[in-house]
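The values are calculated or read from the model by the stated rules, or taken from the named source; none is laboratory data. Note that the structure is predicted; figures quoted are calculated from it, not measured. Cβ atoms come from the backbone with ideal geometry, glycine included; neighbour counts cover every protein chain shown. All accessible areas refer to the heavy atoms of the entire protein, side chains included, with ligands and DNA or RNA removed. Shrake-Rupley method; radii C 1.70, N 1.55, O 1.52, S 1.80 Å.
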Amino acid sequence: MRVLYGVQATGNGHISRARAMGKYLKAEGIAVDFLFSGRPADQLFDMQQFGDFQVKTGLTFVTEQGHINYLKTAAQAKPLELWRDIRALDCSAYDLVLTDFEPITAWAARRQKKRSVAIGHQYAFLHQIPQIHDTPLSRSIFKWFAPAQQQIGLHWHHFNQPILPPIVDLEPAANTADANKVLVYLPFEDQQQVIRWLQPLTQYQFYLYGPGLSKNQLGHIQCSGPCVDEFKRDLHQSSAVLSNAGFELVSEALQLQKRILVKALRGQMEQESNALALTQLQLGQSTSMLNTEVIADWLASPVQGNTVHYANVALALATWIRAGACPTELQQLNLWQNHQD
């Protein structure tokens, strides 16, 4: 069986899901070719697992200091290049096209009438889940940005909808969390401002990852640029996670029973809805503003809230795909059993 797997590369979460899926698809004996879009090739990192992958321009949002700049997003879009890439992509050699909100593979499969399956968090928004600033435009984006014949949404709870738990890329590790160690990942914020927020909180050890940072020790703040292995190690060892409201990192933190504080990317409906869902489910806290006092209050507050235990969704989906990806069999997997305490 041969699969073309399209991955939206604007956020590391999509790539992290592809890492998990890729391992299990390979274990099932499925040959997978990857296509990434939405980020320049020179900004991708630790991609050895994906072999000889393709990179295309695709579509992405431009962000500045914690919010989306819609004017720059529109100015930098290249719709003609996107259309040329869709028309040029040949899906004839593949048995199935998978897409994680990646438009080139999704629309190429649609044009060529190739069987397609979409797997990702964005597809959960096609169902009745907690949403904020829901508009006809946002609904159209979720429906048509990267459509597929079968669309599988992922979320932290089922909300009585036909969606699945998160796919998390976590290897087994000893529970060695340090009570004073905090992982910080706020890629849409000014990194120097983040450092200023953290500097007065000397009773904690912060491990800050972000774009433009180089490996550097600033007293109780360890700075690092984007990477995979060290980030996962620090995630396991931290007791708390401070991040934007992206889906994948929060999913991994929930699976590891970490305390969570999120600040949604302003103007990004998906992240703002994630923050709403996280608080409604009592799985973490959210804030619309970050400063030293907000962070200190969160870290000093008593540990409260629900905990979750998610099934191995990547393994289940890889096995399901190898067996033929029958929609009725997917409904019988019962992956929500015993997911919440």
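Normalised radius of gyration for the range 184-341, please: alpha carbon Rg relative to 2.2 N^0.38 Å, two decimal places.
Working: Rg = 17.6 Å, N = 158, 2.2 N^0.38 = 15.1 Å.
Rounded to two decimals, the normalised Rg is 1.17.
Give the cross-link partners of residue 23 among the aspartates and glutamates, using a straight C-alpha distance below 12 Å as the criterion and excluding same-chain residues fewer than 8 apart.
Output for residue 23: 169, 171.
According to the square roots a ≥ b ≥ c of the eigenvalues of the Cα gyration tensor, what is the shape class of the range 114-154, taking rounded for a/c under 1.5, prolate for a/b larger than b/c otherwise, and oblate for the remainder? If you can, show how the numbers build up before the last one.
Numbers: a/c = 3.19, a/b = 1.66, b/c = 1.92.
It is oblate, given that a/c is not under 1.5 and a/b is not larger than b/c.
Need one number: nm distance between label points at residue 45 and residue 333, each 7 Å from Cα along Cα→Cβ, rounded to one decimal.
Using points 7 Å along Cα→Cβ, the separation is 3.0 nm.
Residue 116's amide H: which non-local residues (gap 5+, or another chain) put their own amide H closer than 5 Å, with H modeled 1.01 Å from N in plane and none for Pro or chain starts?
It is 97, 149, 150, by chain and number.
If I histogram all Cα-Cα distances within the chain using bins 10 Å wide from 0, what percent of pairs lands in each bin?
Taking every Cα pair in the chain, the percentages come to 5, 26, 35, 25, 8, 1.
Using only C-alpha positions, report the orientation-averaged shadow area of the convex hull of the range 222-304, nm², one decimal.
5.8
How fast does the range 1-150 diffuse by Stokes-Einstein, in µm²/s, taking the Kirkwood radius from C-alpha pairs at 37 °C and 0.692 mPa s?
205
Give the accessible surface of the range 144-191 per residue, rounded to a whole number of Å², with probe radius 1.4 Å and ligands, DNA and RNA excluded.
Working: 2050 Å² over 48 residues.
Solvent-accessible surface per residue comes out at 43 Å².
Give the carbon-plus-sulfur fraction of the accessible surface of the range 194-341 in %, rounded to a whole number; probe 1.4 Å, heavy atoms of protein chains only.
Numbers: 3180 of 6450 Å².
About 49 percent, which is the carbon plus sulfur part of the accessible surface.
Projected onto the charge dipole of the chain (+1 at Lys/Arg Cβ, -1 at Asp/Glu Cβ, origin at the Cα centre), which of 304, 160, 223 gives the Cα projection farthest towards the positive end?
Checking the options against the dipole of the chain, the answer is 160.
Enter the mean projected area of the convex hull around the alpha-carbon atoms of the range 181-235, in nm², rounded to one decimal.
On the way: hull surface 13.5 nm².
That works out to 3.4 nm², a quarter of the Cα hull's surface.
Could you check the spin-label model distance between residue 180 and residue 1? Points 7 Å from the Cα along Cα→Cβ, value in nm.
With each label placed 7 Å out from Cα toward Cβ, I get 5.0 nm.
Dividing the convex hull volume of the alpha carbon atoms of the range 110-261 by its residue count, what do you get in Å³ per residue? Walk me through the numbers before you get to the answer.
Numbers: hull volume 23.9 nm³, N = 152.
Taking the convex hull of the Cα positions in the range 110-261, it is 157 Å³ per residue.
If I take R0 = 22 Å and measure r between the Cβ atoms of residue 26 and residue 90 in this structure, what FRET efficiency does the formula 1/(1 + (r/R0)^6) give, to the nearest 0.05?
Values: r = 23 Å, r/R0 = 1.03.
The formula returns an efficiency of 0.45 here.
Tell me, what is the FRET efficiency for residue 115 and residue 287 to the nearest 0.05, using R0 = 45 angstrom and their Cβ-Cβ distance as r?
On the way: r = 43 Å, r/R0 = 0.96.
Efficiency computed from Cβ-Cβ geometry: 0.55.
Go through 41-53, 94-106 and give me the packing order, highest mean Cβ count within 10 Å leading.
Values: 41-53: 12.6, 94-106: 25.7.
Per-residue Cβ counts within 10 Å, averaged per peptide and sorted highest first, yield 94-106, 41-53.
Dimensions of the range 6-56 along principal axes (Cα, Å, largest first)?
Here the spans come out as 30, 20, 17 Å, largest first.
Measuring from label point to label point, each 7 Å out along Cα→Cβ, what is the residue 307 to residue 141 span in nm?
It works out to 3.6 nm between the two label points.
If the chain between residue 161 and residue 300 were fully stretched, how many nm would it gain, using 0.36 nm times the residue separation less the Cα-Cα distance? Intermediate values should be presented prior to the final figure.
Details: separation 139, 0.36 × 139 = 50.04 nm, distance 3.58 nm.
46.5 nm is the gain from fully extending residue 161 to residue 300.
Give the relative contact order (percent, whole number) for the chain; include only Cα pairs under 8 Å separated by 6+ residues.
Values: 660 pairs, mean separation 54.8, N = 341.
Reported relative contact order: 16 percent.
Per the Cauchy relation, a quarter of the hull surface: what is the mean projected area of the convex hull of the alpha carbons in the range 264-341, in nm²?
On the way: hull surface 29.6 nm².
If I average the Cα hull's projected area over directions, I get 7.4 nm².
Given +1 on the Cβ of Lys and Arg, -1 on the Cβ of Asp and Glu, and no further charges, what dipole in debye does the chain carry about its Cα centre, rounded to the nearest 20? If you can, show how the numbers build up before the last one.
Values: 28 positive and 29 negative charges, 162 e Å.
Dipole magnitude for the chain comes out near 780 debye.
Quote the Stokes-Einstein diffusion coefficient, in whole µm² s⁻¹, for the range 80-156, based on the Kirkwood radius over alpha carbon pairs, a temperature of 4 °C and a viscosity of 1.567 mPa s. Could the numbers behind the result be given before it?
Working: Rh = 13.0 Å.
D, rounded to a whole number, is 99 µm²/s.
Using packing as a proxy for protection, rank 7-15, 27-35 so that the peptide with the highest average count of other Cβ atoms within 10 Å comes first. Numbers along the way, then the final one.
Values: 7-15: 24.6, 27-35: 17.1.
Answer by packing, highest mean first, reads 7-15, 27-35.
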